[in-house]
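Report on the following structure.
What follows draws every value from the coordinates through simple rules; no lab data is involved. Computed from a prediction, not measured in an experiment: that's the story for all the values here. Because the Cβ atoms are built from the backbone with ideal geometry, glycine has one as well, and the counts that use them run over all protein chains shown.
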């Protein structure tokens with residue numbers, strides 16, 4: 001288990017994150033739920049080592065992870081990026097596998113399971129820069145799922161997807177969690193979160209407002225709220 005302990009990030013007098021604490025359990029899909037501006041991306045950037053935190057730590061078995069240990073444990077997949085825009089999806093998938101393999105294994109030319117589950121077959125020879133927002137999102141998720149780190153942080157994995165694609169991607173993420181991958185998803189669409197996540201962290205104005213399964217959150221709200229949307233409103 002990993003534990004985020006009192007993570008704090010400030011920009012001058014503005015507190016983007018204020019003593020944020022929650023647990024990440026092996027093999028779960030954990031949804032970090034909050035509206036735009038709640039601090040989700042800042043949280044992921046701090047956890048992924050992209051942005052230095054002003055306080056707090058990411059702990060494993062009660063001990064802070066070093067930067068090198070964090071790199072081996074966590075992979076951060078940002079939103080709204082288009083890596084290698086002139087290259088094809090096929091090239092990028094091969095590159096990602098070869099990079100993380102680094103001579104320690106014989107990487108396959110492609111990962112057929114990831115390609116099939118994310119419906120990337122028709123896009124393999126398309127340039128990444130020419131993909132639509134939804135197509136690029138599915139390709140980015142494939143890149144993230146091919147990394148070896150046990151914990152994948154994915155920022156807004158459903159953004160740009162239509163209803164059918166959202167359901168298919170949710171099923172794909174559930175499949176890989178069942179295989180042992182731990183997924184931490186930043187989601188602002190509460191209905192999407194309710195379909196895919198095992199537990200939830202409710203984030204508002206840079207502070208944790210609640211953490212737990214749907215039933216645990218209902219108990220914390222004394223049974224007065226039913227849906228995840230109602231619970232978020234009740235806690236915030």
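Obtain the nm distance between the two label points defined at residue 36 and residue 219 by a simple spin-label model: each point lies 7 Å from its Cα along the Cα-to-C-beta direction.
For residue 36 paired with residue 219, the spin-label model returns 3.7 nm.
Using the basic label-point model (7 angstrom from Cα toward the beta carbon), what is the residue 195 to residue 13 distance in nanometres?
In this crude label model, residue 195 to residue 13 measures out at 4.3 nm.
Contact order normalised by length for region 114-171, with contacts defined as Cα pairs under 8 Å and 6 or more residues apart; what percent is it?
Relative contact order here is 41 percent.
Would you work out if region 119-192 is rounded, prolate or oblate? Take a ≥ b ≥ c from the square roots of the eigenvalues of the alpha-carbon gyration tensor; rounded if a/c is under 1.5, else prolate when a/b is larger than b/c, oblate otherwise.
oblate
So what's the gap between the Cα centers of region 116-179 and region 181-236, to the nearest angstrom?
Distance between centres, Cα-based: 23 Å.
Contact order normalised by length for the chain, with contacts defined as Cα pairs under 8 Å and 6 or more residues apart; what percent is it?
Rounded, it is 27 percent for the chain.
Full-extension gain between residue 233 and residue 168, please, as 0.36 nm times their residue separation minus the C-alpha to C-alpha distance.
Value of the extension gain: 20.6 nm.
What's the angle, to the nearest 10 degrees (0 to 90), between helix 133-145's Cα axis and the longest principal axis of the chain?
Relative to the chain, helix 133-145 is tipped by roughly 90 degrees.
As I understand it, the value is the acute angle between the Cα axis of helix 163-178 and the longest principal axis of the Cα atoms of the chain; what does it come to in degrees, rounded to 10?
Tilt relative to the chain: about 90 degrees.
Which ordering of 93, 72 is given by a fewest-first count of other beta-carbon atoms within 10 Å?
72, 93
Name all residues of region 143-170 having a backbone nitrogen under 20 Å from the label point set 7 Å from the Cα of residue 100 along its Cα→Cβ direction, giving them as ranges.
143-158, 169-170
In whole Å, what three semi-axes, largest first, describe the equivalent ellipsoid of the chain built from its Cα gyration tensor (square root of 5 times each eigenvalue)? Before the final figure, lay out each step's value.
Working: eigenvalues 176, 88, 55 Å².
Listed largest to smallest, the semi-axes of the chain are 30, 21, 17 Å.
Got a sec? How would 190, 33 order by Cβ neighbour count within 10 Å, fewest to most?
Ascending number of Cβ neighbours within 10 Å: 190, 33.
Using alpha carbons only, how many degrees (0 to 90, rounded to 10) separate the axis of helix 89-101 from the longest principal axis of the chain?
Helix 89-101 sits roughly 70 degrees off the main axis of the chain.
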